[in-house]
Amino acid sequence: MVKLAPNVARFLREKHFGKLATVMKDGSPQVTPIWYMLHRGKVIINTTTDRVKYQNIKRDSRVCFLVDEGYPYVVLFGKARIANERDAKKDIEALAIRYTGEARGRKSARETFWKQPRVSIEITAERVFVDL
């Protein structure tokens, strides 16, 4: 695991969308825009178990994660794992609040997201490229 430099961690704590690239069965990339949060130097995302990214990560843990505002940007190359020890409902609520605000986030979590089969995924960086 690569320790993130303070300026990288600071940028990742800001509210940006991430782009998650996973590996399809045939080896081709699959990219998804996604909400994320930084926790103890690792990126946490949340998804439903019927999504392609979830199936890809279960099969092949290699990922690339881009967070950008055009320039500046951060790219993390690393491994993803299904974080079963995390509370997926709590994580999706935190993400919904982060991206849509307190009231709307809590409402979306309770009325929609908590009814879905959700998992949290932890991404650990092995290499980091930045232009900040």
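Table for the structure above
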item	result
Filter on 25/107; 42/107; 15/90; 3/115 - keep pairs with C-alpha separation over 29 Å	25/107; 3/115
Estimated D of the chain in µm² per second, where Rh is the Kirkwood radius over Cα pairs and Stokes-Einstein applies at 37 °C, 0.692 mPa s	219
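Any read-out appearing in this document is the output of simple, stated calculations on the displayed coordinates, not a laboratory observation. Quick caveat, the model's predicted, so the values are computed rather than measured.
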